[in-house]
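As structure tokens, the structure follows; a few thoughts come after it.
The values are calculated or read from the model by the stated rules, or taken from the named source; none is laboratory data. Quick caveat, the model's predicted, so the values are computed rather than measured. Note that we place each Cβ from the backbone using ideal geometry, even for glycine, and neighbour counts take in every protein chain shown. Quick note on the areas: whole protein, heavy atoms, side chains included, nothing else; ligands and nucleic acids left out. Shrake-Rupley method; radii C 1.70, N 1.55, O 1.52, S 1.80 Å.
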Amino acid sequence: PVVMLFGIWVMSIHPVKWILDMIWVSVFSTVCKYSTMAILLPITITCLAVYLVFLRPTGFSPIIQVAAERHDSFVNDNMHLDLVSSDRNEIRRHFKNLQRSNLAINVPECNGRDTKLLGCKNFSFAGRRSAYVGLSGNHNKISLEMVNGSDMNINKLNHEIFNGKSYYFGRYKGYNVVLWRQGKTLYSMTSTMNRRDLMRVASESIRSYDK
């Protein structure tokens, strides 16, 4: 009440000054508000640009996510393999029925190479039967999965040519995922290895064979 009475008294003695003070306070508040916005807007835009260029997961897609999460289960021993074997022919025989479903299943050749077969599993990928092969290489586990991906669109992913073949790639949960096509079959290879090493493993160890 005292403050209100004082304000009324000031207004009655100096009404013009009081009005000018109120206008000045209003203008000052508005200037401060817009000045703050002017400062924060460039900072916000800069932070967003840094995220988009450097921090956003590159080449993200549901295919990349599924491959990475499946590999994460394999790495952390949460996946039960149907067959534990390092024999390529034994793994091929395991997928004999899948081989008849218009799916080109190419089990990696690991003889004399840095990679080793660990086993395999019948899986499903996007509602379709798929063939999963677990490997190890250079102290890293590697996941290879094959599925009929004739209508799966991966063209929006980042890609590059390696040894004459187009490879598409992305990254999710710290894992690199490399994809490529052979006919109607879509291959995915996932690991903590860098993508160039993954493409090298894919090009050197996976050879097509006649059904």
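Ranked from the most accessible area to the least, with a 1.4 Å probe and all protein chains present, what is the order of His80, His139, His94, His159?
I get His139, His80, His159, His94, largest accessible area first.
Please report how far the C-alpha centroid of the stretch 114-161 lies from that of the stretch 167-208, rounded to the nearest whole angstrom.
Computed from Cα coordinates, the inter-centre distance equals 7 Å.
Would you please give the FRET efficiency between Ala126 and Arg200, computed as 1/(1 + (r/R0)^6) with r the Cβ-Cβ distance and R0 = 25 Å, to the nearest 0.05?
0.40
Ile39: accessible area at probe 1.4 Å, nearest 10 Å²?
Its accessible surface works out to 110 Å², give or take rounding.
On a full-extension model of 0.36 nm per residue, what is the gain between Arg92 and Ile39, subtracting their alpha-carbon distance, rounded to one decimal in nm?
Extending this stretch completely gives an extra 12.8 nm.
Which three extents, in whole angstrom, do the alpha-carbon atoms of the stretch 61-211 cover along their principal axes, largest first?
35, 33, 30
Distance cut-off 30 Å, Cα to Cα: go down the list Lys96/Lys156; Lys121/Lys184; Lys96/Lys141 and report the pairs above it.
In this structure, Lys96/Lys156 lie more than 30 Å apart at Cα.
In the stretch 118-211, carbon and sulfur make up what percent of the accessible area (probe 1.4 Å)?
Heavy-atom surface of the stretch 118-211 belonging to carbon and sulfur, 1.4 Å probe: 43 percent.
Would you calculate the volume per residue, in Å³, of the smallest convex hull containing every Cα atom of the stretch 121-191?
Value for the stretch 121-191: 106 Å³ per residue.
For His80, put the label point 7 Å out on the Cα→Cβ axis and report which residues of the stretch 107-137 keep their amide N under 11 Å from it.
Hits in the stretch 107-137 for His80 at 11 Å: none.
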